[in-house]
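A.B. asks: Here it is, the structure in full.
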Amino acid sequence: MPSYRRAAASAAALLLTACGSVPPAAPTSPTSSASPSQGSATPSASPTEPSSSPSASPAVELPRGGRELFPHYRLFGYSGYPGAPGQGRLGTGDLDGRMREIEQRGKAWTGGRELLPVMELIAVTVHGSPGRDGMYRSRAPESVIKRWHDAATKHKALLLLNIQPGRADFIDEVRYFEKWLKYPNVGVALDPEWAVGKGQVPGRVFGSTSGKELDDVARYLSELTIAHNLPEKVLLFHQLHVSIVAKPKQLKPHPQVVYINAVDGIGSPGAKIATFRGVMRTRPSYVHAGFKLFYSEDVKTGKRLMTATEVLRLKPQPEYILFE
């Protein structure tokens, strides 16, 4: 079994175990129970929704100013889901405390740029069982997304809605969160390792996507962002091996959408660098680099975490560093 398969299989087992701590696909709020097509409509305001209109300003800016991300900012963040330690550090402990930790820890990773903190919420969680709709995934309740969005706004951070779609389509899951994507500090992070086809079960096979599927999402985000005069919006896709994204150059540039290809390989520094280089060779030139480190798995399998100096020495230099 190739090394990336062994590492990813271990990660899959850990993640699917952690997924059991997240409610199955039966969201409790009225919005969460809507179908993907219904999710594209913006619900009427309620006391539980963010207090300000996402399109109130004629030209809103990013959380720390400006309307363009790069090269001014370095993105640095954690991932997670509340109460699920296996999904990442951001889901454990006090959320405000974790955001202060990101702010402090991120200083070593800026490389001369301004820090822009990132919260990567597992908004769609993959499962090893089909759930009521047979899609092998569940969606985070509105109350969770609101709490994390409020924290992102308070700490002047980006909120990325991470999508592990199971058998669902990426575009349907992204459209479901349209209400939140109308805010200038919300983007998406797609996890195609968990995108499986009909008859396949997440965790038993490795999922995949294509440049065409990513392009469908990018076109939708571009139209939404332009319609609401928003600053640049992040479309991130995670990748642990070149085989996870087929024909990546079918992902074309779209106005106001910034692409980040985050490389997820687990293991020693040498193995992680090799994975990064392999994926980057397939990356279209207009896609920015990202790099993911695993607090536990990298140390367990590779003996240590890579340092900021090592990561920022990579070519191309990662614009986004994520810890899980």
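A.B. asks: For the range 246-324, with equal point scatterers placed on the C-alpha atoms only and solvent neglected, what are the log10 I(q)/I(0) values from the Debye formula at q = 0.21, 0.26 1/Å, to two decimals?
C.D. replies: So the normalised log intensities work out to -0.91, -1.25.
A.B. asks: Mind checking which lysines have their C-alpha under 20 Å from residue 179, skipping anything on the same chain fewer than 8 residues away?
C.D. replies: 146, 154, 156, 233
A.B. asks: Leaving ligands and nucleic acids out of the surface, order 238, 155 by accessible area at 1.4 Å, largest first. Write out the running numbers ahead of the final one.
C.D. replies: Working: 238 5, 155 30 Å².
The ordering from most to least exposed comes out as 155, 238.
A.B. asks: Give the Debye-formula value of log10 I(q)/I(0) at each listed q (0.13, 0.18, 0.23, 0.24 Å⁻¹), with one equal scatterer per alpha carbon of the range 116-197, two decimals each.
C.D. replies: At q = 0.13, 0.18, 0.23, 0.24 Å⁻¹ the computed log10 ratios are -0.39, -0.70, -1.04, -1.11.
A.B. asks: Based on the alpha carbons, how large is the Rg to Rh ratio for the range 176-324 when Rh follows Kirkwood?
C.D. replies: Details: Rg = 15.9 Å, Rh = 16.1 Å.
Rg/Rh: 0.98.
A.B. asks: Taking the simple approach of a point 7 Å from Cα along Cα-to-Cβ for both residue 201 and residue 307, what is their distance in nm?
C.D. replies: That separation, rounded to one decimal, is 4.5 nm.
A.B. asks: Using the basic label-point model (7 angstrom from Cα toward the beta carbon), what is the residue 156 to residue 295 distance in nanometres?
C.D. replies: My value for the distance between the label points is 2.5 nm.
A.B. asks: Averaged per residue, what accessible surface does the range 166-275 expose to a 1.4 Å probe, in Å²?
C.D. replies: Numbers: 3660 Å² over 110 residues.
I get 33 Å² per residue for the range 166-275.
The values are calculated or read from the model by the stated rules, or taken from the named source; none is laboratory data. Keep in mind it's a predicted model, so treat the numbers as computed, not measured. Cβ: placed from backbone, ideal geometry, glycine included. Neighbour counts: every protein chain shown. Areas reflect the complete protein model, heavy atoms only, side chains present, ligands, DNA and RNA absent. Shrake-Rupley method; radii C 1.70, N 1.55, O 1.52, S 1.80 Å.
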